[in-house]
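Note sheet for the following structure.
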Amino acid sequence: MAEKTTSVHYLNYLQLDKILEAQHPLSNEKEEEAHEEMLFIIIHQAYELWFKQILHEISSVMELFQKDKIDEENVGIIVRRMDRVNKIMTTLVGQLDILETMTSLDFLDFRHHLSPASGFQSHQFRKLEVMLGLKIEKRHQFGDCPYHAQFEGEKKEEILNLEENQSLFMLLEKWLERIPFLNMEDFDFTSKYEDAVNQMLEKEIEGIKSAKLTDSDKEIRLRMIEENRKYFERVLSETEHNKAMKEGETSLSYKATMSALLINLYRDEPILHLPYQFLRSLVELDHKIATWRFRHVQMVEKMLGQKIGTGGSSGQGYLKETVDKHKLFTDLANIATLMISRSYLPELPKNIKDNLGFNFKN
Ligand code: HEM
C-alpha cells in the first residue's frame with residue numbers, strides 16, 4: 001500500500017488526508033455532542049471550495065479582459081467560464097436545502113461555541129464581491145467598522161489591494177467603450193435608434209387614439225407614453241446620463257451603455273452573439289448571487305428569527321439590505337427597458353451587415 005500511495009494515487013493526488021482530517025466539531029472537544037455540527041462544518045467547507053473554483057474562473061476571465069484587444073476566440077472562452085460560474089452558483093443556492101434539514105433547536109446545541117466566528121469572515125466571499133466590482137462606498141455597512149476590519153495582515157492587504165485594482169465591472173465598461181460599432185461607416189447607431197423609438201411611440205399613440213376607450217382612459221395611456229418618451233430621451237442624452245451617474249442612479253458610462261444596447265438589439269448578428277451571451281451571463285450571475293443572499297436570509301430567519309448574528313450584525317435585518325443593494329450589473333439588466341421589437345429595429349446597411357456576419361467569399 002505504501003508504494004501505491006507514493007505514486008500518483010486517488011488519495012494523494014486529491015490530498016484527501018488533509019481534507020478529510022479537517023472536520024473538528026467544537027462540541028466534541030467540549031464533550032457536549034451535537035450531531036448536526038458535522039453538517040454545519042462540511043457545508044461551509046464545501047462552499048469555500050466552490051468559492052475557490054469561482055475565483056479561479058473569474059480571475060482568468062479578468063486576465064483575458066486586461067488585454068487591449070480581446071480575440072474573438074477568447075470571448076468564447078470567457079462565455080464558457082462564466083457559464084460554469086453560474087452553474088456553480090446554482091449548486092450553491094441548492095446546498096442551502098441540505099443545511100435547512102437542521103432545525104433551529106439543533107443549531108442551538110452548538111451555536112454558543114461559534115461566537116465571534118461568522119460568514120462575515122469569509123475572505124473568499126469578500127474577494128469575489130470586490131473582484132466583481134462591489135466598492136466599499138456602495139456597501140450596506142452596519143456599525144462603525146468597514147467590512148475589511150474582520151481581517152488582519154496579508155489577508156487584509158490582499159482585500160485592500162483588490163479594492164484599488166480594476167474590477168470585472170470596470171474591465172467590462174472599458175471593453176464596451178472600446179467596441180467600434182457605435183459609429184459604423186455611415187451608420188450612426190444612436191440617431192437611428194432614436195428615430196426608431198419615436199416611430200414606435202407614434203404608432204402606440206395612434207393605436208390608443210383609435211382604440212375604443214373612454215377619454216379619461218386614453219388620457220392616462222397617452223400620459224404614460226409621454227413618460228416613456230422622457231425616459232428614452234433621458235437615457236439617450238449624454239448630459240442627463242452623466243447627471244444620473246453623479247447622483248448614483250446609474251453606474252455604467254454613457255458610451256458603454258450605448259454599446260451594451262447595440263449588442264442587445266443586434267444580438268442575432270453572428271459577431272455580436274458571443275458578446276451578448278457574455279452580457280447576459282453577468283446579469284445571470286448578479287441574479288444568482290442575489291438569490292443566494294435572499295435564500296441565506298430566509299434560512300437565517302428560520303434558524304435565528306430576530307437574534308443578532310455571531311459576527312455582531314443585526315442578523316437578517318442586515319442581510320436583507322444587501323440583497324438588492326449589492327447587485328452590480330443592474331445597468332445591464334435595465335437595458336431590457338430600452339428594447340424595441342425587431343420590426344422597428346433600424347436595418348443595417350448591407351456592407352456593415354456583411355462585416356458583422358459570416359461572409360464567405362470564394
Ligand atoms: C445555520 C446556518 C447559518 C446561519 C444562522 C447564518 C447566519 C449569518 C448571519 C447572522 C450573518 C450576518 C453576519 C453576522 O452577524 O454574523 C451571516 C453572514 C454571512 N454568512 Fe451566514 N449563516 C449560516 C450559514 C452560512 C453558510 C452555509 C454560508 C456559506 C458560505 C454562509 C455565508 C455567509 C456569508 C458570506 C456572510 C456575509 C454576508 C454579507 O455580509 O453580505 N452562511 N450569516
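A few points about this structure:
- Considering the stretch 310-328, the residues that are touching a residue at least 60 places away in the same chain (Cβ under 8 Å) and assigned to a helix (DSSP H, G or I) include one that is surrounded by the fewest Cβ atoms within 10 Å (Cβ to Cβ), namely Lys325.
- Checking Lys288 against (1) modelled with pLDDT under 95; (2) open to solvent by 40 Å² or more (accessible area, probe 1.4 Å), the condition it does not meet: (1)
- Taking the criterion of being modelled with pLDDT under 95 and not polar (S, T, N, Q), the residues of the stretch 12-56 that qualify are Glu29, Lys30, Glu31, Glu32, Glu33.
- When the stretch 293-314 is filtered for residues that are out of contact with any Gly (no Cβ under 8 Å at 6 or more places or on another chain) and aliphatic (A, V, I, L, M), the ones remaining, listed by number, are Val297, Met299, Met303.
- Sole exception among (1) open to solvent by less than 30 Å² (accessible area, probe 1.4 Å); (2) at pLDDT 95 or above; (3) acidic (Asp, Glu) for Glu269, by number: (2)
- Residues in the stretch 195-208 that are open to solvent by 100 Å² or more (accessible area, probe 1.4 Å) and touching a residue at least 12 places away in the same chain (Cβ under 8 Å): Gln199 alone.
- Condition check for Glu249: assigned to a helix (DSSP H, G or I) and either more than 16 Å from the ligand (Cβ to nearest atom) or touching a His at 6+ places or on another chain (Cβ under 8 Å) (or both): no
- Residues being within 13 Å of the ligand (Cβ to nearest atom) and β-branched (Val, Ile, Thr) - total across the stretch 310-343: 3
- Filter result (open to solvent by less than 20 Å² (accessible area, probe 1.4 Å) and more than 11 Å from the ligand (Cβ to nearest atom)) within the stretch 81-99: Met82, Val85, Asn86, Ile88, Met89
- Failed criterion for Leu213 (all others in (1) in a helix (DSSP H, G or I); (2) modelled with pLDDT under 95; (3) not basic (Lys, Arg) hold): (1)
- Among helices (runs of 4 or more DSSP H) entirely within the stretch 100-185, having at least 1 residues that are small (Gly, Ala, Ser) and surrounded by fewer than 17 Cβ atoms within 10 Å (Cβ to Cβ) singles out 104-108, 153-164.
- Sole residue being open to solvent by less than 30 Å² (accessible area, probe 1.4 Å), out of contact with any His (no Cβ under 6 Å at 6 or more places or on another chain), more than 12 Å from the ligand (Cβ to nearest atom) and not in a helix (DSSP H, G or I), chosen from Ile70, Ile58: Ile70
- The lone exception for Lys307 - which of (1) in contact (Cβ under 8 Å) with a residue 12 or more places away in the chain; (2) charged (D, E, K, R); (3) within 16 Å of the ligand (Cβ to nearest atom) it fails: (1)
- Any hit, the stretch 344-352, residues being more than 9 Å from the ligand (Cβ to nearest atom), among the acidic types (Asp, Glu), open to solvent by 60 Å² or more (accessible area, probe 1.4 Å) and under 23 Å from Pro180 (Cα atoms): yes
- Residues that are farther than 17 Å from His326 by Cβ, more than 9 Å from the ligand (Cβ to nearest atom) and among the aliphatic types (A, V, I, L, M), drawn from the stretch 279-304: Leu279
- Residue check for Phe125: at pLDDT 95 or above, within 12 Å of the ligand (Cβ to nearest atom) and in contact with a Ser or Thr (Cβ under 6 Å, 6 or more places away or on another chain): no
The values are calculated or read from the model by the stated rules, or taken from the named source; none is laboratory data. Predicted model only: the values in this text are computed from it and were never measured. Backbone-built Cβ (ideal geometry, glycine too); neighbour counts: all protein chains shown. Please note that ligands, DNA and RNA were not included when accessible areas were found on the heavy atoms of the full protein model with its side chains. Shrake-Rupley method; radii C 1.70, N 1.55, O 1.52, S 1.80 Å.
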